[in-house]
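Heads up, the thing below is written out as structure tokens.
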Amino acid sequence: FFDQIKALNPTEMPNIVARVARFLYLNKTGFNGLYRVNGSGVFNVPFGKYSNPNFCDAPRFREAARALKGVNIKCLDFETVVADAKRGDAIYFDPPYLPKSDTANFTAYTDKGFGIQEHTRLARVFMEKAETGISVLLSNSDTKIARELYRGFRISRVQAVRSINSDGEKRGPIGELLISANL
């Protein structure tokens with residue numbers, strides 16, 4: 001059943017409710033709750049090892065619906081989303097993290113990718129928004145490149161727990177950066 005649902009192309013599903021149900025099912029039954037697509041835009045996460053996944057948590061759905069009431073969710077390029085931000089607004093950027101090593105080549109969750117050019121553009125947008133007095137916060141891996149891109153801003157190192165790694169021994173706390181301005 002997982003493979004049948006996985007094979008459905010959400011762009012060809014006319015019913016938004018069916019698309020949402022597909023997403024939730026795959027998110028709750030796929031490996032470690034990961035949602036990722038390959039270079040062709042096809043969902044490519046294997047089935048997770050769950051005995052009784054809870055993919056229909058009605059109380060949480062109602063709570064999320066209340067929290068999101070009046071919220072407009074957009075699926076656009078980050079620069080477009082924040083174009084109209086003004087002083088008094090707050091922006092949080094959570095990009096695909098910069099690779100921590102030469103062999104860490106996973107840089108995207110979509111077929112579009114998010115490489116060094118996008119990270120450089122994101123740093124420019126971060127700086128522009130900060131210069132206009134907007135509160136900005138960004139998380140990323142603790143790498144030399146990230147520290148260089150955001151030099152001059154407040155950089156804090158934090159520990160974050162990670163449960164997704166092909167090597168189970170490498171799961172657990174990992175150093176990340178929180179970069180901020182005007183907070």
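The values are calculated or read from the model by the stated rules, or taken from the named source; none is laboratory data. A quick note: this is a predicted structure, and the numbers were derived from the prediction, not measured. Backbone-built Cβ (ideal geometry, glycine too); neighbour counts: all protein chains shown. Each accessible area value is taken on the protein alone, full model and side chains, heavy atoms only, with ligands, DNA and RNA left out. Shrake-Rupley method; radii C 1.70, N 1.55, O 1.52, S 1.80 Å.
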Carbon + sulfur, % of accessible area of the chain - ligands and nucleic acids excluded, 1.4 Å:
54 percent
Please compute the modelled spin-label separation between Glu148 and Asp77, points set 7 Å along Cα→Cβ, answer in nm with one decimal.
2.4 nm
Label of the coordinate-derived value, Cα Rg over 2.2 N^0.38 Å, listed as (1) 1.00; (2) 1.16; (3) 1.24
(2)
Among Val37, Ser139, Gly70, which residue has its Cα furthest toward the positive end of the charge dipole of the chain, with +1 on Lys/Arg Cβ and -1 on Asp/Glu Cβ?
Gly70
How would Asp84, Asp3 line up by accessible area, probe 1.4 Å, largest first?
Asp84, Asp3
For Phe23 and Phe47 in one chain, what is 0.36 nm times their gap in residues minus the Cα-Cα distance, to one decimal in nm?
7.3 nm
Helix-only mean residue ellipticity at 222 nm for the chain, each DSSP H run of n ≥ 4 adding -39500 (n - 2.57), per residue, nearest 500:
-9000 deg cm²/dmol
Filter the chain for me: DSSP H helices, axial length by Cα at least 18 angstrom, mean Kyte-Doolittle hydropathy not below -1.0. List them by residue number.
16-29, 116-131
Taking R0 as 30 Å, what's the FRET efficiency between Arg36 and Arg62 from their Cβ-Cβ distance, rounded to 0.05?
0.60
Roughly how many Å² is the accessible area per residue of the chain, as a whole number, for a 1.4 Å probe?
68 Å²
